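The values are calculated or read from the model by the stated rules, or taken from the named source; none is laboratory data. If you're wondering where the values come from, they're calculated on a predicted model, not measured in any experiment. A quick note on method: Cβ atoms are made from the backbone with ideal geometry, for glycine too, and the neighbour counts reach across all protein chains shown. When the accessible area is computed, the model is the full protein with side chains, heavy atoms only, and any ligands, DNA or RNA have been set aside. Shrake-Rupley method; radii C 1.70, N 1.55, O 1.52, S 1.80 Å.
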Amino acid sequence: MKCAFFFMLAMVLGFSLTHAQSKDPEMEEIERGIQKGNELYMKKQYQEAVLAYSNAEKGSFNATARYNQALALYKQEKKEEAIKAFEDLAFKTEDKSLKSKAYYNAGVIYSGQKKLEESIEAYKNALRQDPDDKQARENLQKALLELRKKTPKKENKKNQQQQKKPEPRMNQKESEQRLKLLEQKEKEIQQRMQKEKSKSGGGQPKDW
């Protein structure tokens, strides 16, 4: 029985309405939109949740809304879109914890797609933001091990293909040159044989 190879995504839905009265109205509206998205997410209405998070951002960037949106996309099996959202978040946010989680989650999705090089780079980025992330470190080690197992097979296959490659065909000029050399050698052999024959007398032995 195979052991589980990769960990689950770091799924932390974030929103805060504490001290909302001290914030500006625009921020309060964004947080209400995120809260609405979270409620839909918890009801497994992921498509509606994505729309709510998108509306919460109002065409700008909000780290929490983008992170939650990426999770909802992943739940819909829209993995390429989820990766794009996580990587965009990691690039734009200044929050190291959220940046680390975004890279980690991108790594998990890449791992599930067997894109080992991409997953390794994502886990490394997660650890650069949070060196104490044990899950990212363990997943990185497993991805590296899996890549090492595959590499020798690729090299052997490449060597076999190189051995099977037919010799390159000669062009017309090379063929003509080789034919001339053969003819020259044949001529030299005939001349040598004639010289040896003349030395031996060249006739048949006489009968007694």
**Calculated FRET efficiency for the pair Arg137/Gln113, C-beta based, R₀ 30 Å, to 0.05** = 0.90
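Leaving out ligands, DNA and RNA, and with a 1.4 Å probe, what % of the accessible surface on region 30-85 is carbon or sulfur?
Values: 1350 of 2910 Å².
Roughly 46 percent of what the probe reaches on region 30-85 is carbon or sulfur.
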**Accessible solvent surface per residue of region 81-155, calculated while the other protein chains remain in place, 1.4 angstrom probe, Å²** = 57 Å²
